[in-house]
Amino acid sequence: MNRKSISRQYSRRKFIHDLSVNAGMAALAVNGLNLFSSCNDNTEKNKGSAMTKGNQNKLGIALVGLGNYAGGQLAPALEQTNDCYLAGIVTGTPSKIDTWKGKYNIPDKNIYNYQTFDSIRDNPDIDIVYVVLPNSMHAEYVIRAARAGKHVICEKPMAITPEDCDRMIAACKEAGKMLSIGYRLHFEPYNLEMARLGTTKAYGNIKKMNAGFGFPIGDPTQWRLNKKLAGGGPLEDVGIYCIQGFCYTTGLDPIAVTAQEGPKTDKEKFRDVEQSLTWELEFPGNIICHGKASYSEGLNYLQAEAEKGVFELTSAFNYSGQKGNTPAGPMDLPKVNQQAKQMDDFAQAVKNRRPTPVPGEMGKRDVKIIQAIYKAMETGKRVEIS
Ligand code: NAD
């Protein structure tokens, strides 16, 4: 098949793509996830606050935690969004304020620190709070944001324990606010294509999957190596993308797991968390999914072996540069700003009172899977996932 016909094939596919992916996501909803449970919105208030900003119909987002991801990805993405914009910041580091103010034109009244954060409730410019702090701080700030009457986006992993996830979901529900998780790949065409091919059984039933995500970690003092702040090692940080890939490609939730910790070549650096680990998730229908997460090795792939062939992303999880193959040829899909799509989708969900495809309940499912993987790794036993 020549390149032109592959492109045509993929643009035709793209036409049905969004529809079928939405169907896939809906399948997830009936598969134990209640996408509607944290969607109880007060749209009139959002409309009112958005209208007063000179940024008509756009919702204002405040970023909490101005680290690498907020500064390197989310803030630039918010310059490309249609339905939301960067309205405010929350930081514990006063020296960052001038840079952010200058770069993004943020008024003083929309700048908070962790002590003044709760008074964000009185600020109609802020509709959505986006929590981009170290993992163990997500729960506190999501709950405080909801109690301040704001919709919330929370970075992955949602929290360290399922109990924290429950408290976060409950706080948003009580406040009548929506909660979503920063799962940007649900808005990335190559990963959406994996979900479409898998959930529509384009190449028959999936028999097996493989996924790996890893990078050599640098600074030994960073919070990612501190169990209290990170919850664990590369499984929490990047292994979660493999878990997500398995779930959205199969359209299923796993039922059991076995896992093995990898060797520690730097015992000092990895005294608190695993350096690497591998695991095997069992899904309904005898689908076995092999995952690997590492802080010492570059890994970035998602592969499905189905009855009629293999479809895969050989560059799967990064912010850009996805590459994929199918039995019909290489994937040739649009390149998008994943974070801009993700935040616009949430803003549209809030405005239109429709569920987000990446709700708190999905974040909680993944936290439960992570806990089961750690339990399997520590005990050496097969652990069932309820
Ligand atoms: P980072 O270390 O670059 O930034 C963390 C921010 O939190 C900094 O601004 C820091 O000052 C602040 N902070 C407040 N209290 C802190 C404390 N006690 N210890 C350390 N920092 C503290 O981290 P990051 O890479 O921006 O990650 C932040 C969150 O975003 C994490 O939950 C991470 O998993 C997530 N993340 C998601 C993606 C994605 O692709 N969705 C990518 C990177 C990070």
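Checking every residue in the range 348-357 against the condition of being modelled with pLDDT of 95 or more, assigned to a loop (DSSP other than H, G, I, E, B) and surrounded by 22 or more Cβ atoms within 10 Å (Cβ to Cβ) gives at least one match.
Quick one: which strands (runs of 3 or more DSSP E) lie wholly within the range 235-338 and hold at least 1 residues that are more than 16 Å from the ligand (Cβ to nearest atom), more than 19 Å from Gly198 (Cβ to Cβ) and at pLDDT 95 or above?
It comes to 256-261, 276-283, 287-294.
Scanning the range 77-117 for residues that are away from the ligand (no atom under 13 Å from the Cβ) and in a helix (DSSP H, G or I) gives Asp98, Lys101, Gly102, Lys103, Tyr104, Asp108, Lys109, Asn110. Within the range 183-223, the set of residues being charged (D, E, K, R), surrounded by 24 or more Cβ atoms within 10 Å (Cβ to Cβ) and closer than 18 Å to Val273 by Cβ is empty. Residues in the range 275-290 that are open to solvent by less than 10 Å² (accessible area, probe 1.4 Å) and over 15 Å from Leu252 (Cα atoms): Gln275, Leu277, Trp279.
Rundown of residues vs (1) over 19 Å from Phe246 (Cα atoms); (2) touching a strand residue (DSSP E or B) at 6+ places or on another chain (Cβ under 9 Å), yes/no style:
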| site | (1), (2) |
| --- | --- |
| Leu299 | no, yes |
| Glu305 | no, yes |
| Gly321 | yes, yes |
| Lys351 | yes, yes |
| Arg365 | no, no |
| Ile370 | no, no |
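The values are calculated or read from the model by the stated rules, or taken from the named source; none is laboratory data. This structure is a prediction, so every number in the text was calculated from the model and none was measured. Don't worry about glycine lacking a Cβ; one is built from the backbone with ideal geometry, like all the others, and counts go over all protein chains shown. The accessibility values were calculated without ligands, DNA or RNA, using every heavy atom of the protein model including side chains. Shrake-Rupley method; radii C 1.70, N 1.55, O 1.52, S 1.80 Å.
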